[in-house]
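Contents: one structure, followed by commentary.
The values are calculated or read from the model by the stated rules, or taken from the named source; none is laboratory data. What you see is a predicted model, and the numbers here were worked out from it, not measured in a lab. Cβ: placed from backbone, ideal geometry, glycine included. Neighbour counts: every protein chain shown.
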Amino acid sequence: MCGIVGAVAQRDIAEILLEGLRRLEYRGYDSAGLAVVDNEGHLQRLRRVGKVSALSSAAEQHPLKGGTGIAHTRWATHGEPSEVNAHPHVSDHIVVVHNGIIENHEPLREILIERGYRFVSETDTEVIAHLVHWEQRQAGGTLAEVVLRVIPQLRGAYGAVIMDSEDPSVLVAARSGSPLVIGRGVGENFLASDQLALLPVTRRFMFLEEGDIAEVTRRTVKVWDKQGNPAERAEIESQVKYDAGDKGLYRHYMQKEIYEQPQAIKNTLEGRFNHGEITLAELGAGADELLSKVQHVQIIACGTSYHSAMVSRYWFEALAGVPCDVEIASEFRYRKAAVRPGSLLITLSQSGETADTLAALRLTKSLGYLGSLAICNVAGSSLVRESDLSLMTRAGTEIGVASTKAFTTQLTVLLMLVARIGRLKGTDKQIEADIVHALQALPSRIEQMLSLDKTIEALAEGFSDKHHALFLGRGDLYPIAMEGALKLKEISYIHAEAYAAGELKHGPLALIDADMPVIVIAPNNELLEKLKSNIEEVRARGGLLYVFAEQNAGFTESENMKIIPLPHVEEIVAPIFYTIPMQLLAYHIALIKGTDVDQPRNLAKSVTVE
């Protein structure tokens, strides 16, 4: 959600800011803006509803000159998407961009109106601009000193960058719950909500910690911690790659990323096997000792990551003999949880900045967990930095809001972790051998699956007039049905639900009619006969069935039941494999519906607000 880019330099920085915003488009947004101050203190601001391309076109018509500036892509929380609500927001010579939510903005707004301020937007962000202006006018001081006085008045989660057009030599940043990173240059420095935005101009970064306030000039960076004390933050050389590139021959980033999954999984597996065993050496010395003590696993995640966690619960218990609980982060953080002895906390997030997951991790620090392990796609993210251990999924940059390769690489890492913990706890060595074999064969299996794209595209035509869909699965394929339903909702806007197939007779059968397509995931496993009985329950009530089944599973197509025969796959990795046709189906249905596949309405890639 939302993107921030800032720069203090001698050169004109408008194009640097715009390129930074382009690289943050994947986060999801509905408007964009930038403000630049020249050396004489002249403030120039442009804002547009819609894509960064509209802002870029405006900047071509109205060039912005100056070496200090801030830019923003907004995902609406307070106030509709409009130019007047777009960032940056201004109070006289004070300019602000902000990610997050100011929870006490309404009482602050009332106080500021009494002080004579006039609000021109519906946003909570404008409150920050007026507060900074008021504090500066009342007591003076440097911009950093003013912001240090303002921050205690704010409640909520925010990442904010403040600029004063009367002093264009400095930017001030404040982080509370929403990520900010400083990019170090030579005679110039930068700020952003994501290091990807700054890779064209620097590889040297400082990550602000929770509660930090930073003063950034061309040559200096000063940081204060949440107590207001001077603080040192390590500078790192980033190895992160912005490898999205353009779409090439693909119509959408989502389509490209679906097809990248065989290579993404190969990248995930690389260097993690040794003589037929899974090593996970990057966990470091002492990790094996900790993992051998695990008596229980607690996983916390949101959205698609929650579904990968649900799959891994079956794996942890069936393959490693370790009890596992999975909970949605936004629920976990607001209840009193009892911690089991020897419990390992695992957090899952593509971005590593998911607000609820981060908050849950911080909440558990003093609850007595054996340790915390993050599984993530972004090495420098808050989740990784704040966890005891971490495993990178190595999916590469994922631009499409609806997660594809990040999901399948999460599952790949989770299965390797299950094998590693199982071996340390003395489970049958053949289990690990089977997992290694299945994972090594998986990329080629997925390539076979992708060859069925045209078959699935033809199926999608049957959904052109549908408004609802039901997904069914059993065992570790039930969460894949949940993921399939989520994908369809996200990018086609068709209402979809998922059920464990055995639950049909407990209510969902009431929904079945000829207008309700039912998508069934049917691998050839020990639950297949049970699943066939559930399918018959739907057929008997006139339902329209789409059954994705292994080619030797014994299904016969009929008038109201379409069979999509799929290649053989090892049972252990079936959840990863059967994800692919669900992604392709959602993608092709969305094309027919004419929706924005890469940036569906109302959604954001990185959910950094509660």
Scanning the range 185-200 for residues that are modelled with pLDDT under 95 and within 16 Å of VAL161 (Cβ to Cβ), the one farthest from the chain's Cα centre (by Cα) turns out to be LEU198
Just checking, does the range 576-588 include any residue being assigned to a loop (DSSP other than H, G, I, E, B) and of a type in the set (S, T, N, Q)? no
Item to complete: Might you let me know whether the range 213-234 holds any residue that is in contact with a helix residue (DSSP H, G or I) (Cβ under 9 Å, 6 or more places away or on another chain) and surrounded by fewer than 14 Cβ atoms within 10 Å (Cβ to Cβ)?
Response: yes
Cβ pairs under 6 Å, 6+ apart or interchain, first in the range 194-217 and over 20 Å from LEU18 (Cα atoms) and not assigned by the TED database to the domain that holds SER176, second of a type in the set (A, V, I, L, M) and buried (at least 24 other Cβ atoms within 10 Å of the Cβ), ordered by first then second residue, are none
From the option list GLY543, GLY554, single residue qualifying as over 20 Å from HIS468 (Cα atoms), in the same structural domain as ASP476 (by the TED database) and not aliphatic (A, V, I, L, M) is GLY554
Of the residues in the range 346-372 that are crowded, with 24+ Cβ neighbours inside 10 Å and under 18 Å from LEU417 (Cα atoms), the one that is modelled with the lowest pLDDT is GLN350
If we keep only residues of the range 551-566 that are in contact with a strand residue (DSSP E or B) (Cβ under 6 Å, 6 or more places away or on another chain) and modelled with pLDDT of 90 or more, then the residue surrounded by the most Cβ atoms within 10 Å (Cβ to Cβ) is LEU566
Considering residues that are surrounded by 24 or more Cβ atoms within 10 Å (Cβ to Cβ) and either of a type in the set (A, V, I, L, M, F, W, C) or touching a Lys or Arg at 6+ places or on another chain (Cβ under 6 Å) (or both), the number found within the range 584-594 is 5
The one condition GLY321 fails out of (1) among the small types (Gly, Ala, Ser); (2) buried (at least 16 other Cβ atoms within 10 Å of the Cβ); (3) at pLDDT 95 or above; (4) assigned to a loop (DSSP other than H, G, I, E, B) is (2)
Within the range 21-33, of all residues that are aliphatic (A, V, I, L, M) and outside any strand (DSSP E or B), the one nearest to the chain's Cα centre (by Cα) is LEU24
The lone condition ALA458 fails out of (1) in contact (Cβ under 8 Å) with a residue 40 or more places away in the chain; (2) part of a helix (DSSP H, G or I) is (1)
Taking the range 373-395 and keeping only residues that are surrounded by fewer than 20 Cβ atoms within 10 Å (Cβ to Cβ) and not basic (Lys, Arg), one is left with ALA379, GLY380, GLU386, ASP388, MET392
Quick count over the range 30-56, residues being on the phi > 0 side of the Ramachandran plot and buried (at least 22 other Cβ atoms within 10 Å of the Cβ), is 0
In the range 482-511, anything in contact with a helix residue (DSSP H, G or I) (Cβ under 8 Å, 6 or more places away or on another chain), in contact (Cβ under 8 Å) with a residue 40 or more places away in the chain and of a type outside the set (Ser, Thr, Tyr) is listed as MET482, GLU483, GLY484, LEU486, LYS487, LEU488, GLU490, ILE491, ILE494
Sole miss for GLY185 among (1) in contact with a Leu (Cβ under 8 Å, 6 or more places away or on another chain); (2) over 19 Å from PRO88 (Cα atoms) is condition (1)
Here the qualifying pairs (Cβ atoms under 8 Å; residues six or more apart or on different chains; first in the range 255-273 and in the same structural domain as ARG423 (by the TED database) and of a type in the set (Ser, Thr, Tyr); second surrounded by fewer than 20 Cβ atoms within 10 Å (Cβ to Cβ) and in a helix (DSSP H, G or I)) come out as TYR259/LEU450
Per the list (1) part of a helix (DSSP H, G or I); (2) surrounded by 24 or more Cβ atoms within 10 Å (Cβ to Cβ); (3) of a type outside the set (Ser, Thr, Tyr); (4) outside the structural domain of SER305 (by the TED database), residue check on LEU417 breaks on (4)
Picking from GLN239, GLN263, the residue that is more than 20 Å from LEU370 (Cβ to Cβ) and assigned to a helix (DSSP H, G or I) would be GLN263
Restricting attention to the range 1-20, the residues that are aliphatic (A, V, I, L, M), over 27 Å from the mean Cα position of the chain (by Cα) and assigned to a loop (DSSP other than H, G, I, E, B) number exactly 2
